[in-house]
Amino acid sequence: RNLSQGNNILTWSTVEPGKSCVSFSTVTIVNNKVSISNAGPDQEICQNNSFLNAVNPSLGQGEWKILTGNGNISNIFSPLTTITSLPSGSTSLTWTIAKGNCISRDTVNILNKSPSVADAGPDIIICSDTAVLKARLPAQG
């Protein structure tokens, strides 16, 4: 209980009652406890890039990974970094903190609500009071 970070060396000794013989044994317990992961709040955006805002770990090394969706993370090892080329829809990322065999994870979801690019169609020259518009239907929005 209350083990320090890193190596904790404990000694076990036995003594035969009434005798001067002592036996010793040591055990090393390595505590690789990591910081609790916090990937930051979920986001709703209307563009194809965003800022990832995880809490910097005091114990362990953090790393970003994309679970679902797509995007390009500027620095996967920085808690504060940008992600670009986000598609419309949802992208989920994990911020994983690891040290030795100890791991802590948190997920952030980014919902890109960007509508499809508007396309009203080509310009039209007419000789009447009506026209047929040829706008492109949006994939989203």
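Kindly provide the chymotrypsin sites (Phe, Trp or Tyr not before Pro) of region 1-102 that DSSP labels as loop, not H, G, I, E or B, and whose Cβ sees at most 13 other Cβ atoms within 10 Å. The partial results should precede the final answer.
Details: sites: TRP12, PHE24, PHE51, TRP64, PHE77, TRP95; in loops: PHE77.
Filter output for region 1-102: PHE77.
I'd like to know which of CYS46, SER25, LEU67 lies farthest towards the positive end of the charge dipole of the chain, counting +1 on Cβ of Lys and Arg and -1 on Cβ of Asp and Glu.
SER25
Can you tell me which of SER116, SER35, SER90 moves the most in a GNM of the chain? Springs connect C-alpha atoms under 10 Å apart.
Greatest mean-square fluctuation among the candidates belongs to SER116.
Can you work out the accessible area per residue across the chain, with the rest of the protein chains kept in place, probe 1.4 Å, in square angstrom? Spell out each step's value before the answer.
Details: 10000 Å² over 141 residues.
Roughly 71 Å² per residue, with all protein chains present.
Considering only ILE29, ILE73, ILE125, give the residue with the highest GNM mean-square fluctuation for the chain, with springs between Cα atoms whenever their separation is below 10 Å.
Maximum fluctuation in the GNM of the chain, among the listed residues, is at ILE125.
Tally Lys/Arg at +1 and Asp/Glu at -1 over every other residue whose Cβ is under 9 Å from the Cβ of ILE110; what's the total? Please list the in-between numbers first.
Numbers: positive: none; negative: ASP42, GLU44.
The answer is -2.
Excluding residues fewer than 8 places away in the same chain, name every one of the aspartates and glutamates whose C-alpha is closer than 20 Å to that of LYS134.
Partners within reach: ASP119, ASP123.
On the protein heavy atoms, probe 1.4 angstrom, tell me the percent of accessible surface of the chain carried by carbon and sulfur.
53 percent
Quick one: dipole size for the chain, taken about the Cα centre, charges +1 on Lys/Arg Cβ and -1 on Asp/Glu Cβ, in debye to the nearest 20. All intermediate terms of the calculation are to be shown ahead of the outcome.
On the way: 9 positive and 8 negative charges, 129 e Å.
Rounded to the nearest 20 debye, it is 620 debye.
Lys/Arg Cβ at +1, Asp/Glu Cβ at -1, dipole of region 1-136 taken about the Cα centre: which of ALA131, SER4, SER35 is farthest positive-ward?
Comparing the listed Cα positions along the dipole, SER4 ranks first.
Would the chain count as rounded, prolate or oblate if I go by the C-alpha gyration tensor, calling it rounded below 1.5 in a/c and otherwise prolate when a/b exceeds b/c, oblate otherwise?
Details: a/c = 6.96, a/b = 6.13, b/c = 1.13.
Taking the square roots of the gyration eigenvalues as a ≥ b ≥ c, the chain is prolate.
Mind checking which of THR82, THR94, THR26 has the largest fluctuation in a GNM of the chain, springs on alpha carbons under 10 Å?
THR26
Where does the longest stretch of the chain lie that holds no trypsin sites (Lys or Arg not before Pro) found in a DSSP loop with 11 or fewer other Cβ atoms within 10 Å?
Numbers: sites that count: ARG1, LYS19, LYS134, ARG136.
The longest such stretch corresponds to 20-133.
As a test, work out the antiparallel percent of DSSP beta bridges whose residues both lie in the chain, rounded to the nearest 5.
Roughly 90 percent of the DSSP beta bridges within the chain come out antiparallel.
Can you return the lysines within cross-link range of LYS65? Criterion is Cα-Cα under 25 Å, with same-chain partners fewer than 8 residues away left out.
Straight-line reach from LYS65, under 25 Å: LYS33, LYS99, LYS113.
The values are calculated or read from the model by the stated rules, or taken from the named source; none is laboratory data. On a predicted model such as this, the values are computed, not experimentally measured, just so you know. Don't worry about glycine lacking a Cβ; one is built from the backbone with ideal geometry, like all the others, and counts go over all protein chains shown. Protein only, heavy atoms only, side chains kept; ligands, DNA and RNA dropped before computing areas. Shrake-Rupley method; radii C 1.70, N 1.55, O 1.52, S 1.80 Å.
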